[in-house]
Structure formats: structure tokens, C-alpha cells
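Heads up, the thing below is written out as C-alpha cells.
The values are calculated or read from the model by the stated rules, or taken from the named source; none is laboratory data. Not measured: the values here are computed from a predicted model. Because the Cβ atoms are built from the backbone with ideal geometry, glycine has one as well, and the counts that use them run over all protein chains shown.
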Amino acid sequence: MNGRFPEPVAGPQGRDRRIRAARWTRRIDRFVHMAIGVVALLLPLWAGAIATGPYLPLNSGTTWTYARDGSGAYVTEVLEGSYVVNGVATKALFDGEDSSITYLTNDSSGIREHAGFVPSVAFKATTTWRMITLSPPFKDAEPAMDIGATVPSSGAANFEYGGSETFPLSYTGNSTLVGFETITVPAGTFDTVKVTVWSTVYGYIGTEYLSGSGMTIYWLAEGIGLVKEVITHSDGTTTTYTLLDSNLFDTAPDAFAFTAQTGVAPGAPVTSDSITVAGINAPAPIGVVGASTASGAAPSPRPRERSRTARRYESG
């Protein structure tokens, strides 16, 4: 998950400056967590562990567009190729809002955050780039998790500025799979899992000991990724990101047909049987030619695909 790590940064007169950074698809203090970096209707739970991988697609070229606090349109994209961090090939998630990059893996070891890059941060009365490398990586999720399960993480957070100065700090935190929720955002209504992530980073920048913490709540749809994110900053303020669009949306349904009605008198109204349109993972329009319809959105039994029921009305 694209995190935010509360980042302690030494500035002029030793002031503690908080610098925003990457997104997971965005998390605690905008990576200033990541460095490191679901109220609605709870869905019925089912027994057994949930495979977490499908909730964070990391295929090259995948894009999501988000609004921040109800305005703007910021694109997040999975970059082509892979990038090695501490000997591990990772995928790079580029955040178009601030041009930061989060380096992630989603594999048999779970969903993990390895590093984060920010091209422009304030540091010692100047502006430079910053790379934060985590060892071991922050674990957002095990490959499979039960509802209510928590994954702890801790380790070293290496802060590098402009290629000239490096500071070995530490981090700790955890990620909890809270449950299922159906939520509505500008892109539509989605069945999601809700995840909370907390993290803190602490240590010395030069001779000054600094620390910072933050928490983020994520709502993730299977096969889509991050739908909504609420970041609670260390000063108590919040930032909310909501999904506007994604090239992962599939609104082309599987083939379907209504059962033919026979023996109907000319001009008599006829109501067909109902059908369920499947094969879509996002809200889709519905309509027919030469008749009227009644339809209703129906959440699937698992938070993955969305379906719609439909019934056709016509005169014979």
C-alpha cells in the first residue's frame, strides 16, 4: 500500500519539518509514512483467509485518477519495468500529484513497501531529492489474511538526501484488515475491504532526535485497487483521496439473453424473466431498445465483481 511515513527532517534552527511524499496508492502523512507508506454498509463476512494480492494490481501501465478532498484529478501509474531495491525487483508506483515514487512488491511474500523517492524536499535551507529505503520492507499484508488480523513491521529506515547525506533511522508500525464495506465514491459504488495502517519513524538527524507518526485508512476493491484513502496527520488534520477513474474498469458485460416469450396476444404487456449481468467490475449503464427496463445494482457475494439484475418490459 502506498504509504506515508511521518518523516522527521532537520531544518534551519533545528526545526522539525514535515515533508509529504508518496502514495500507495497514498498513506500516512503522504509517505511521510512511507517512506514508508473500510461508514457505509458492512458486508457479510465469510469464513477463511482472504487472498490479498488481487486488491493491489501492479501491472505496468495501470492508472488510477483520484480527487483530493473533493477536488483536483491526480493520476497514479504503475511504471514499466522493475526496479531493484536491496536485491529485490520491485514495481514503481508514480504519484502524479507530487512526482513521488513508491517501490512495492505483491507476491508470495505478501504486499510490501521497500522504498520511496521524492524529487523535491526541503533540507538544510535548500531543496533536494530524498530516498527512503526500508530494511526489512514494511509489510502491508500477508498473502492471505483473516478479518481482524494484524501484521506488524519494524526495522531500519535509511534516509538519503541528494546523494550526499544519509541518516539511519528506525521505523515501526502495523497493518490491520478490518472487514468488508460497500462505499460510494465519484467513480461509483464498490464492494471493498477496509485496512488501517499505522506507522512511526524515529531517530537522529545529525545531533537532533526526531520522531513522527501517522495513521491511514484504505478502502480497496478486488481487481481495482485503492478506491478511497483517509490520512490522519500528526496534527490531527485529515486528507481524503477518492477514486475518479481507472483503466482497470471493465464495464463490458458477459453475453446474456432473455428467454423468448411465446403465445402472447398482440399489444399485451409482457414482463420477461430477470437476468443478472455479469463480467463487470465497475458501475455500468443499462438500457434496451424497443422496450423499457427495471434494474438494480446488486453487490456480489464477494467484493470483486459487480453485477446488475435486469427485467425487460414490452408490448407484444
(request) Name the residue, out of D250, D245, D254, that is closer than 27 Å to L56 by Cβ and either of a type in the set (A, V, I, L, M, F, W, C) or at pLDDT 90 or above (or both). (result) D245
(message) Looking at the structure I just gave you, is I286 surrounded by 12 or more Cβ atoms within 10 Å (Cβ to Cβ) and either of a type in the set (S, T, Y) or at pLDDT below 75 (or both)?
(response) yes
(request) Determine whether region 223-233 contains at least one residue that is of a type in the set (A, V, I, L, M, F, W, C) and within 22 Å of N158 (Cα to Cα). (result) no
(request) Would you mention how many residues in region 85-105 are in a strand (DSSP E or B) and either among the polar types (S, T, N, Q) or over 19 Å from T62 (Cα atoms) (or both)? (result) 6
(message) Within region 136-185, take every residue that is assigned to a loop (DSSP other than H, G, I, E, B), more than 17 Å from the chain's Cα centre (by Cα) and not acidic (D, E) and give me the one that is farthest from Y209 (Cα to Cα).
(response) I147
(request) State whether the residues of region 106-128 include one that is at pLDDT 95 or above, over 21 Å from D191 (Cβ atoms) and not in a strand (DSSP E or B). (result) yes
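Rundown of residues vs (1) buried (at least 20 other Cβ atoms within 10 Å of the Cβ); (2) outside the structural domain of L210 (by TED's automatic domain parsing); (3) more than 19 Å from E222 (Cβ to Cβ), yes/no style:
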{"residue": "L79", "(1), (2), (3)": "no, no, yes"}
{"residue": "K91", "(1), (2), (3)": "yes, no, no"}
{"residue": "D107", "(1), (2), (3)": "no, no, no"}
{"residue": "W129", "(1), (2), (3)": "no, no, yes"}
{"residue": "F167", "(1), (2), (3)": "no, no, yes"}
{"residue": "A187", "(1), (2), (3)": "yes, no, no"}
(request) Would you check if there is a residue in region 165-173 being in contact with an Asp or Glu (Cβ under 9 Å, 6 or more places away or on another chain) and within 20 Å of P57 (Cβ to Cβ)? (result) no
(request) Kindly establish whether S153 is closer than 24 Å to I101 by Cβ, buried (at least 17 other Cβ atoms within 10 Å of the Cβ) and not aromatic (F, W, Y). (result) yes
